[in-house]
Amino acid sequence: QVQLVESGGGLVQPGGSLRLSCAASGIIFRLYGMAWYRQTPVKQRELVATINKTGTPNYVPSAKGRFTISRDNAKNTVYLQMNDLKPEDTAVYFCTARDGVREYWGQGTQVTVSS
């Protein structure tokens, strides 16, 4: 059974930082590209960052320079370090795992940026 479990969300003030984690089980983690998405009640789910099997990251413009995606294949975990958070970063953050054929999603973790 494949599971992706996100953690690390919470309430943070503007300008603050959070580190999200996504622990995977039931897959050969090193063979999967990983990504973080986010979704709000009024916006479609949007891509935030990806990291491929070899560890190469990519970011959407709104995340570049503030967010860092990384992976630890020994721990089957992908991370999203988020700095200089803004109210518009408020969303439920999801991680995904893809190998070109299969795609799996976690349940999400809420990030709220508010003073």
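The values are calculated or read from the model by the stated rules, or taken from the named source; none is laboratory data. Everything quoted here is computed from the prediction, not taken from an experiment. When we count neighbours, we look across all protein chains shown, and the Cβ atoms used for this are built from the backbone with ideal geometry, even at glycine. Ligands, DNA and RNA are stripped out before the accessible areas are found, and what is left, the full protein with its side chains, is counted by its heavy atoms. Shrake-Rupley method; radii C 1.70, N 1.55, O 1.52, S 1.80 Å.
What ³J(HN,Hα) values, in whole Hz, does the Karplus curve 6.51 cos²θ - 1.76 cosθ + 1.60 give for region 103-115 when θ = phi - 60°, with x put for Gly and Pro? The phi angles translate into 9, 10, 10, x, 8, x, 9, 7, 10, 10, 10, 7, 8 Hz. Applying the Kirkwood pairwise sum to the alpha-carbon positions of region 17-70 produces a hydrodynamic radius of 12.4 angstrom.
If you roll a 1.4 angstrom probe over the protein chains with everything in place, what fraction of the accessible area of the chain belongs to carbon and sulfur, to the nearest %? Numbers along the way, then the final one.
Working: 3030 of 6200 Å².
On the chain, the fraction of accessible area on carbon and sulfur atoms equals 49 percent.
Of the peptides 6-14, 19-27, how do they stack up when ordered by the mean number of other Cβ atoms within 10 Å, highest first? Before the final figure, lay out the partial values.
Numbers: 6-14: 15.0, 19-27: 17.3.
Those peptides, ordered most packed to least, come out 19-27, 6-14.
Taking the Cα centre of the chain as the origin, how large is its charge dipole in debye, to the nearest 20, when only Lys and Arg (+1) and Asp and Glu (-1) carry charge on their Cβ atoms? Don't skip to the end; give the middle numbers.
Working: 13 positive and 8 negative charges, 41 e Å.
Result for the chain is approximately 200 debye, rounded to the nearest 20.
Between Ser7 and Val101, the C-beta separation translates, for a Förster distance of 22 Å, into a calculated FRET efficiency of about 0.20. Per residue, region 1-92 exposes 54 Å² of solvent-accessible protein surface, assessed with a 1.4 angstrom probe and all protein chains in place. Inter-part distance, region 1-45 to region 76-107, computed on C-alpha centroids, equals 3 Å.
Comparing Gln44, Gly16, Ile69 along the charge dipole axis of region 1-93, the residue lying farthest to the positive side is Ile69, per the Cβ-charge model.
Heavy atoms only, 1.4 Å probe, whole protein assembly: order Trp36, Trp105 by accessible area, highest first.
On the way: Trp36 0, Trp105 85 Å².
Order by accessible area, largest first: Trp105, Trp36.
Other residues within the sphere of radius under 11 Å centred on the Cβ of Leu31, judged by their own Cβ, net out at +3 (K and R +1, D and E -1). Here the simple spin-label model places points 7 Å from the Cα toward Cβ, and for Arg66 and Lys86 these points are separated by 0.5 nm.
Could you work out the local net charge near Ser17, counting Lys and Arg as +1, Asp and Glu as -1, over the other residues with Cβ closer than 10 Å to its Cβ?
Working: positive: Arg19, Arg66; negative: Asp84.
With Lys, Arg at +1 and Asp, Glu at -1, the net is +1.
Remark: region 84-94, residue by residue, has Karplus-estimated 3J(HN,Hα) of 6, 5, 10, x, 6, 7, 4, 4, 8, 9, 10 Hz, where x stands for each Gly or Pro and the curve is 6.51 cos²θ - 1.76 cosθ + 1.60 at θ = phi - 60°.
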